[in-house]
Amino acid sequence: MTDTDRRAADFGYRQVPLGDKQALVDDVFRSVARRYDLMNDLMSFGLHRAWKDMLVTAVDPPKTAPFAHLDIAGGTGDVAMRVLQAGGEQTRVTVCDINADMLAVGRARAAAKRLSEAMRFVEANAEALPFPDRSFDAATIAFGIRNVTHIEAALAEAFRVLRIGGKFLCLEFSVVDVPGLDRLYDLYSFNVIPALGRAVVGDAESYRYLVESIRRFPNPQAFAGMMRAAGFARVAHQTMSGGIVALHSGWRL
Ligand SMILES: C[S@@+](CC[C@H](N)C(=O)[O-])C[C@H]1O[C@@H](n2cnc3c(N)ncnc32)[C@H](O)[C@@H]1O
């Protein structure tokens, strides 16, 4: 029995057949779309902002040159808006997500902030991106890859759409590696987060799924191996907040 299986048994995870996973994920994000960003603030005590800022710092969009950025599984456009803010006037961002409800929230927010010209929202599966080869300078995916059914296919697509010299950054929950914090983190995740989900979006189950999906995601070393197998070079990762999240990076060279 692996560590993940043991934890799964401890917490009574649901077994979701691979074929049903995308439908379950779609239901989860349809249910939470309107209050998704508020829930992120509440669940992470605002920390998701600092993690996303680290991601955008690593993207490092230029101030004075054209820059085409793709945010995969970009949801409500939170990361893409931060990339726009960090970049120059010639920065353009594409938010791609499989869920129309998440994109609709993002599109409305972009319009309210008068960002519609620099942003586009595209409904698509990360496993089959509707973009030409080598069309982006950088690609990100934040808290999205663990929701994708075939991770290898999504990594291959991210690699395909990057230009040579482009970078890929993936922010994802990871494995807490601070003794004591791990147990506390489990208790918080499996008790407080579903309760928050019930109170704020009227849906505990969706947040229970999200917590379970974090525990099922490969550890950073295994994920680094998947990135290399997809073709990425100079693959590296750094963990943050005691291992709660990891920022993975790789280049198309
Ligand atoms: C936890 S949210 C992250 C949203 C955003 N990146 C952020 O950090 O705020 C996960 C997103 O992944 C999207 N998603 C799940 N499976 C996907 C797939 N196969 N292709 C594209 N997007 C997907 C969901 O619709 C959802 O918007």
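The values are calculated or read from the model by the stated rules, or taken from the named source; none is laboratory data. Computed from a predicted model, the values in this text were never measured in an experiment. No Cβ is skipped: glycine too gets one built from the backbone with ideal geometry, and neighbour counts run over all protein chains shown. To get the accessible areas, we keep the full protein, side chains included, count just its heavy atoms, and leave off ligands, DNA and RNA. Shrake-Rupley method; radii C 1.70, N 1.55, O 1.52, S 1.80 Å.
Report the label-to-label distance for ALA233 and ARG216 in nanometres (one decimal), using points 7 Å from each Cα along the Cα→Cβ vector.
My value for the distance between the label points is 3.5 nm.
At a Förster radius of 25 Å, what calculated FRET efficiency corresponds to the Cβ-Cβ distance of SER135 and LYS63, to the nearest 0.05?
Computed FRET efficiency for SER135 and LYS63: 0.70.
Using +1 at the C-beta of Lys and Arg and -1 at the C-beta of Asp and Glu, which of PRO132, ILE164, MET119 has the Cα lying farthest in the positive direction of the dipole of the range 90-174?
The listed residue farthest towards the positive side: MET119.
Tell me, what is the percent relative contact order of the chain, built from C-alpha pairs under 8 Å that lie six or more residues apart?
Once divided by the residue count of the chain, the mean separation gives 19 percent.
Could you run the Karplus curve 6.51 cos²θ - 1.76 cosθ + 1.60 with θ = phi - 60° over the range 104-112 and give me ³J(HN,Hα) per residue in whole Hz, x for Gly and Pro?
4, 4, x, 4, 5, 5, 4, 5, 5
Hey, what's the chain come to in accessible area per residue, 1.4 Å probe, Å²?
Per-residue value: 46 Å².
Taking θ as phi - 60°, what are the ³J(HN,Hα) couplings along the range 234-241 by the Karplus curve (6.51, -1.76, 1.60), each to the nearest whole Hz, with x for Gly and Pro?
Ordered by residue, 3J(HN,Hα) equals 6, 6, 8, 8, 10, 9, 9, 6 Hz.
Can you compute the label reach from VAL122? Point 7 Å from Cα along the Cβ direction, backbone N cut-off under 18 Å, restricted to the range 55-86.
67-81, 83-84
Could you list which residues have their amide H under 5 Å from that of ASP203, counting only those 5 or more apart in sequence or on another chain, with H placed in the peptide plane?
Here the answer is ARG198, since their amide H atoms fall under 5 Å of that of ASP203.
If packing is taken as the average number of other Cβ atoms within 10 Å across a peptide's residues, how do 141-151, 200-210, 112-122 rank, most packed first?
Most protected by this proxy first, the peptides run 141-151, 200-210, 112-122.
List residues of the range 198-230, by number, whose backbone nitrogen lies under 11 Å from a label position 7 Å along Cα→C-beta of ARG35.
198-204
Please turn the phi angles of the range 85-93 into ³J(HN,Hα) values with the Karplus equation 6.51 cos²θ - 1.76 cosθ + 1.60 (θ = phi - 60°), one per residue in order, whole Hz, x for glycine and proline.
Running phi through 6.51 cos²θ - 1.76 cosθ + 1.60 with θ = phi - 60° gives 4, 7, x, x, 4, 8, 7, 10, 10 Hz.
Using the Cα centre of the chain as origin and beta-carbon charges of +1 (Lys, Arg) and -1 (Asp, Glu), tell me which of TYR188, ALA73, GLY250 is placed farthest towards the positive end of the dipole.
Among TYR188, ALA73, GLY250, the one farthest towards the positive end of the dipole of the chain is GLY250.
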